[in-house]
Amino acid sequence: VQLQASGGGLVQAGGSLRLSCAASGSIFSSSAIGWYRQAPGKQRELVASISSSGSTYYSNSGKDRFTISRDNAKNTVYLQMNSLEPEDTAVYYCNGLLPSTIVSWGRGTQVTVSS
């Protein structure tokens, strides 16, 4: 399975972005997927995740502002991010949630929020 994150960019504080995670491979629809982010000088952290059946989880960073969703027919997971803050500036990645489903992290997609 390969996962490709896209949709990042430069946005002003208070703005919105929608990230997409396109997956190749047959196991996508049966795997929980997470959105992660890594800010400069910080460890990578889980922001949100969605199970194969659509159950969602949000970290405190994303709660109430981010919405994760998936379209199994398109092998794609989305992260809608609203009310963005400068603290959300990071490289965002998508990957499997369970250790056995983690694949190559790839380049991620850069999100920069200006104040």
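The values are calculated or read from the model by the stated rules, or taken from the named source; none is laboratory data. Not measured: the values here are computed from a predicted model. Cβ placement follows ideal geometry from the backbone for every residue including glycine, while neighbour counts extend to all protein chains displayed. Areas reflect the complete protein model, heavy atoms only, side chains present, ligands, DNA and RNA absent. Shrake-Rupley method; radii C 1.70, N 1.55, O 1.52, S 1.80 Å.
Got a number for carbon plus sulfur as a percent of segment 1-82's accessible area, 1.4 Å probe? The partial results should precede the final answer.
Values: 1910 of 4300 Å².
Solvent-exposed carbon and sulfur of segment 1-82 make up 45 percent of the total.
Please identify the longest segment of the chain free of exposed trypsin sites (Lys or Arg not before Pro), where exposed means a DSSP state other than H, G, I, E or B and no more than 12 other Cβ atoms within 10 Å. Let's see the in-between values first.
Details: sites that count: 42, 63, 107.
The answer is 64-106.
For a quick check of your reading of the filter: which chymotrypsin sites (Phe, Trp or Tyr not before Pro) in segment 10-115 sit in a DSSP loop and have no more than 16 other Cβ atoms within 10 Å?
Working: sites: 28, 35, 36, 57, 58, 66, 78, 92, 93, 105; in loops: 105.
Sites meeting the loop and neighbour criteria: 105.
Report ³J(HN,Hα) in whole Hz for each residue of segment 41-57, in order, from the Karplus equation J = 6.51 cos²θ - 1.76 cosθ + 1.60 where θ = phi - 60°; Gly and Pro get x.
Those phi angles translate into x, 10, 6, 5, 10, 7, 9, 7, 8, 9, 7, 5, 8, x, 5, 10, 9 Hz.
Could you give the accessible area per residue of segment 1-103, probe 1.4 Å, as a whole number in Å²?
About 51 Å² of surface per residue is accessible.
Expressed as a rounded percentage, what relative contact order does the chain have, with Cα pairs under 8 Å and six or more residues apart? Each step should come with its number before you reach the end.
Working: 280 pairs, mean separation 41.7, N = 115.
Across the chain, relative contact order equals 36 percent.
Antiparallel DSSP bridges in the chain: what percent, to the nearest 5? Please list the in-between numbers first.
Details: 34 of 38 bridges.
If we restrict to bridges inside the chain, about 90 percent are antiparallel.
With only Lys, Arg, Asp and Glu charged, each at its Cβ (+1 for the first two, -1 for the last two), find how big the charge dipole of the chain is about the Cα centre; round to the nearest 20 debye. If you can, show how the numbers build up before the last one.
On the way: 9 positive and 6 negative charges, 36 e Å.
Dipole of the chain, to the nearest 20 debye: 180 debye.
Please give the per residue volume of the convex hull enclosing the alpha carbon atoms of the chain, rounded to a whole number of Å³.
Values: hull volume 10.3 nm³, N = 115.
Enclosed volume per residue, from the Cα hull, is 90 Å³.
Set Lys and Arg Cβ to +1 and Asp and Glu Cβ to -1, take the dipole of the chain about its Cα centre, and tell me which of 102, 46, 66 lies farthest positive.
In the chain, that residue is 102.
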